[in-house]
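Worksheet for the structure shown next.
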């Protein structure tokens, strides 16, 4: 039963995140004086899909968020944070998440897989970041040359 409760809480958090993202997108769209149809066309997504994102019914991929950010001329990183893709405490400059999201050689599925694995490692290691003294050292390696 404990797994079911955890799953429910995670699902609730995802729904809250999607709803908050949708509210933010709608607020930004209205302040830019764009109709839903205009933004959908400029972002290259369907009108119904964008409507579902704004209502918190869908959680868009990083690629879709990037398209929306470009169309509204706002920071894609701010949308990633609001969507829960990037953790704001990581710092924008050295964020692993942003590096993965910004790599054009990866597909969306590959990006999401990498982000999921990274998040699971962070969760496994706990909330605290290790100090430099606590980090495991790599074993010393020696190379031999055969002649």
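Read-outs throughout are calculated quantities, based only on the coordinates presented, and are distinct from any laboratory measurement. Remember, predicted model here, so these are calculated numbers, not experimental data. Cβ atoms come from the backbone with ideal geometry, glycine included; neighbour counts cover every protein chain shown.
Which FRET efficiency value, to the nearest 0.05, do you get for residue 103 and residue 123 by plugging their Cβ-Cβ distance into 1/(1 + (r/R0)^6) with R0 = 35 Å?
Here the calculated transfer efficiency is 0.95.
Please give the contour-minus-distance gain from residue 37 to residue 57: 0.36 nm per residue of separation, less the Cα-Cα distance, rounded to one decimal in nm. Don't skip to the answer; put the middle values down first.
On the way: separation 20, 0.36 × 20 = 7.20 nm, distance 1.77 nm.
5.4 nm is the gain from fully extending residue 37 to residue 57.
Note on residue 116 and residue 75: the model spin-label points, each 7 Å out from Cα along the C-beta direction, lie 2.9 nm apart.
Sort the range 11-125 into rounded, prolate or oblate with this rule: let a ≥ b ≥ c be the square roots of the eigenvalues of the Cα gyration tensor; rounded if a/c is under 1.5, and if a/c is not under 1.5, prolate when a/b is larger than b/c, oblate otherwise. Cα axes put the range 11-125 in the prolate bin.
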